[in-house]
Structures are given as structure tokens and as C-alpha cells.
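*Asks:* What follows is a single structure, and I will ask about it in a moment.
The values are calculated or read from the model by the stated rules, or taken from the named source; none is laboratory data. Keep in mind that this is a model prediction, so the values were computed, not measured. Because the Cβ atoms are built from the backbone with ideal geometry, glycine has one as well, and the counts that use them run over all protein chains shown. For accessibility, only protein heavy atoms count, side chains too; no ligands or nucleic acids. Shrake-Rupley method; radii C 1.70, N 1.55, O 1.52, S 1.80 Å.
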Amino acid sequence: MQKQKMNRREFVAAGAGAGMLASSSVFGQGPNVIAVRSKPVIVAAGNGNRSKDKDGLTCVARAFKMMTAGSDVLDSVIAGVNIVELDPEDTSVGYGGLPNADGVVQLDSSVMHGPKKIGGCVASLEGVRTPSLVAQKVMEETDHVLLVGKGAQDFARMMGFTIEDDLNTPRSRAAWIEWKRRTDPLHYIPTDQRGLKVPGDMAALRERERAGLEVARQMAAEGWFDIEHLYGTINCNGVNSKGEVCGVTTTSGLAWKIPGRVGDSPILGAGLYVNNDIGAAGSTGRGELNLISLASFVCVEEMSRGKSPKDAGMAAIKRIKDMVIQKRLLDEKGEPNVGINFYLVNKKGEFAGVTLKNPNGRSTYAVCDENGPRSIPMDALLA
Ligand code: ASP
């Protein structure tokens, strides 16, 4: 293996995009191990190129800058998503995330460190603006992977995090009050709608979901929040020139969820998965579908069989589509009426953002490499 002797300045002068032979990088497993060049890149959900820090950097830009300056890849992607977690205007992540049905902001997050082959997660965490940093502490300081609820909060307190009474902002609180005012939610599926044989029309959608969606659409149209933030999350994955791969996912989950509802974001294999020999994948969107298909794991496994990030993501989305057979989750065409997205990067630094449907091309994902930060339309499985 060729040894890297370049210092950072020489590396930048040579052009990070030229790619470098990663001294430790391999792609594939067993006898088919191939040396690859790893091109540094950060890939994230669309909001990874919106919120900015005090220097005007977005999540992907900050993460790329830190990573290419030599910081640990996980530290870099977490620093990136911290910008979004702390942004009161992003109503899908961290501080100011839309609260649960009781008006309480409950946050979920997961992190995974490829080279160290460990991960950490928190679910239903209240009172800490940056759950990704608590998930990292779970990974680094404990013999466990997942802490939830009050236990996660007590752990965060012991780790020195500030615990706040309320993570609502005036905006998220006002939206919740408005939601309460407009709905009388029935949180459970009526008996006659539990089976698979209910009619597929709108009337068959479970009452709460139908009413909730209608209200949410109205409220989004009136500017209470961005409709993309009803669900909404940030996943951010990175690979450096040494081929080290890490990822993080962080969210306030589904707006106005049943208190205690946990989505896919803090579950490794669902909201995030990293294999340092292969790559990383993470998800945003309808977490329940991902929980029953563990599709981030599927993405990485598909890449391990030689698929490109885009083809691997499409295979995972196809698998999810095939899991959606309940009529209440199907539209008039018999296609899933839900959104689900994946952000993938392989060890070489190739990347993709894939979604089930992107009808008007509005859904984008965020990337930063040597060409700088940018937003790219998601590739869709269905027209
Ligand atoms: N996947 C997240 C969840 O289900 C929400 C989202 O990404 O929109 O909690």
C-alpha cells in the first residue's frame, strides 16, 4: 500500500477532488478486496444546505470543511447537523422541532462511527437541543447503544448537557396550539380499518391520519410551517480521503405524534447504517415504513454487492414499496401515499439521494465536496 505523505496544505494544493489512495481503504469483503481511492464528500438531506452557522456555512459545508481539515468524520458530520438542530426556524429537528400531541418536543438521534465499528442512539429525549451529541456520548461513554426517555435525559444531565424545560419556540408552540384547535384527534386505527380489506379510497384512511393530514396541509398552505417538515429530519454522512465513513441522523420525528412514538431515526439499520468497508445510508420520511424494512441496512448491503449508491437506494425503496400493502397507505393508483428518502455514500465517495416520488422535482438533497455545497434533485423510483 502506498503511504500518504502529503500534509494538508499539499493535499489542498493537489486538489482534494483528485482522490487519494486510501492506505486502509478496501471495498468489498473477503477475497475480493480491492483498493479504492476515496474522494472526500458529505451528503445530507435537503435541509443540510439551508440553515447556516455564524460563518454562513450550511451543515454540509461545515462538515466538509472540518473533515478535510483533519477532524474525525463523525465529529464533522455532527457539527454539521448541530447547525440544523440549533436553528429555531427548522421545525423538524432539535430546538423548535414540532412537538408531540401533548405539546412536548421529543427528539430522536443516532450516530455511527465506521472505523470504530460502534454506534449510539437516543430516543424520546426531552430538553436537550442537540440530541446527536447525546447519542455520541452514549456511543463513547457507555457499554450500550440506545437510551430512551427519562433515562436518556438523566444520562445527558450527568454528561453535562443543559436540560431545558421546553424546546418549543414561539413558532412551534403556535403551530401546536393551532393544530389542537383544529383537530380532535383519534389516535388509534378504528377497528373496521385495521385489516387489509378496507377500501382504498380517502374515506378508508384512518380518521386521525386523514384529519391530521388535511389540517397539516391547510396549515402549511397558510405558512405555519413547511409541509416538508411535517415529517422532516436530517441525516448526514461523510467519507474522508482515508476512506473513513461515519453518519448521523437527528429529528423531532413526526409532528404531533402520540407521546412516546419513536420513528426510524434512532434505530440503527433503519434511520442510519454505516459499514466502514462499504459506505453509509440514512433516511428521512415516513419512519414507520423504514422500521418494518430496515432499509438503511438494505442500502449498505446492496452497495456491498457492488451496486452504485443510486441503484442500492432504489433497491431499498423498491423493497419498501413492496411492503406497503395496507390500503390506508395507498393512493388511488395503488401506489404508496407516503414519502421516504435515502442519502447514500460509498467508500469511494460516490453518492446519491433517492426518494419514492418527486413529482415536481422539488425534493433535493445536499452535497459538499471539492466543488462546494449544493442542492441536487432527488432521484425517484416512481414517476
Ligand atoms: N423519519 C422521521 C420519523 O419517522 C421523520 C422524518 O424524517 O420525516 O420520525
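*Asks:* Residue by residue through segment 100-110, note down the ones that are among the polar types (S, T, N, Q) and open to solvent by 10 Å² or more (accessible area, probe 1.4 Å).
*Replies:* GLN106
*Asks:* Just give me the residues in segment 129-152 being of a type in the set (D, E, K, R) and under 14 Å from VAL248 (Cα atoms), in sequence order.
*Replies:* Across segment 129-152, the qualifying residue is only LYS137.
*Asks:* I'm told LYS310 meets every condition in (1) within 12 Å of the ligand (Cβ to nearest atom); (2) open to solvent by 10 Å² or more (accessible area, probe 1.4 Å) except one. Can you identify the failing condition by its number?
*Replies:* (1)
*Asks:* Is it fair to say GLY260 is within 9 Å of the chain's Cα centre (by Cα), on the phi > 0 side of the Ramachandran plot, within 14 Å of the ligand (Cβ to nearest atom) and of a type outside the set (A, V, I, L, M, F, W, C)? Break it down into steps so the answer makes sense when it comes.
*Replies:* Details: within 9 Å of the chain's Cα centre (by Cα): no; on the phi > 0 side of the Ramachandran plot: yes; within 14 Å of the ligand (Cβ to nearest atom): yes; of a type outside the set (A, V, I, L, M, F, W, C): yes.
Against the criterion (within 9 Å of the chain's Cα centre (by Cα), on the phi > 0 side of the Ramachandran plot, within 14 Å of the ligand (Cβ to nearest atom) and of a type outside the set (A, V, I, L, M, F, W, C)), GLY260 does not qualify.
*Asks:* Please go through segment 263-286 and pick out each residue that is part of a strand (DSSP E or B) and within 7 Å of the ligand (Cβ to nearest atom).
*Replies:* SER283, THR284, GLY285
*Asks:* Shifting gears a bit: Being at negative phi and at pLDDT 65 or above is the requirement here; does LYS197 meet it?
*Replies:* In short, no.
*Asks:* Can you find, within segment 59-99, the residue that is farthest from the chain's Cα centre (by Cα) among those that are closer than 14 Å to VAL367 by Cα and surrounded by fewer than 24 Cβ atoms within 10 Å (Cβ to Cβ)?
*Replies:* Checking each candidate, the answer is LYS65.
*Asks:* Which of the residues spanning segment 335-348 are open to solvent by 10 Å² or more (accessible area, probe 1.4 Å) and either out of contact with any helix residue (DSSP H, G or I) (no Cβ under 9 Å at 6 or more places or on another chain) or among the charged types (D, E, K, R) (or both)?
*Replies:* Result: GLU335, LYS348.
*Asks:* Condition first: in contact with a Lys or Arg (Cβ under 7 Å, 6 or more places away or on another chain) and in a loop (DSSP other than H, G, I, E, B). Can you find one or more residues in segment 287-297 that meet it? Step through it out loud before you land on a result.
*Replies:* Let us first name the residues in segment 287-297 that are in contact with a Lys or Arg (Cβ under 7 Å, 6 or more places away or on another chain), namely 293, 295.
Now restrict to residues that are in a loop (DSSP other than H, G, I, E, B): 293.
Yes, there is a match, as at least one residue in segment 287-297 is in contact with a Lys or Arg (Cβ under 7 Å, 6 or more places away or on another chain) and in a loop (DSSP other than H, G, I, E, B).
*Asks:* Follow-up question, since we're still on this one. Please work out if ALA380 is in a strand (DSSP E or B) and surrounded by 23 or more Cβ atoms within 10 Å (Cβ to Cβ). Give the derivation first.
*Replies:* Values: in a strand (DSSP E or B): yes; surrounded by 23 or more Cβ atoms within 10 Å (Cβ to Cβ): no.
Criteria not met by ALA380.
*Asks:* Being free of Cβ contacts under 8 Å to residues at least 60 places away in the same chain and farther than 27 Å from ASN240 by Cβ is the filter here; which residues of segment 105-128 pass it?
*Replies:* Within segment 105-128, LEU125, GLU126, GLY127, VAL128 meet the criteria.
*Asks:* Further question: So which residues in segment 254-269 are farther than 20 Å from SER363 by Cβ and hydrophobic (A, V, I, L, M, F, W, C), if there are any at all?
*Replies:* Across segment 254-269, the qualifying residues are TRP256, ILE258, VAL262, ILE267, LEU268.
*Asks:* If you don't mind, another one. Is there a residue in segment 359-374 that is open to solvent by 30 Å² or more (accessible area, probe 1.4 Å), part of a strand (DSSP E or B), under 12 Å from GLY46 (Cα atoms) and of a type in the set (A, V, I, L, M)?
*Replies:* Checked against the condition, which is being open to solvent by 30 Å² or more (accessible area, probe 1.4 Å), part of a strand (DSSP E or B), under 12 Å from GLY46 (Cα atoms) and of a type in the set (A, V, I, L, M), segment 359-374 yields no hits at all.
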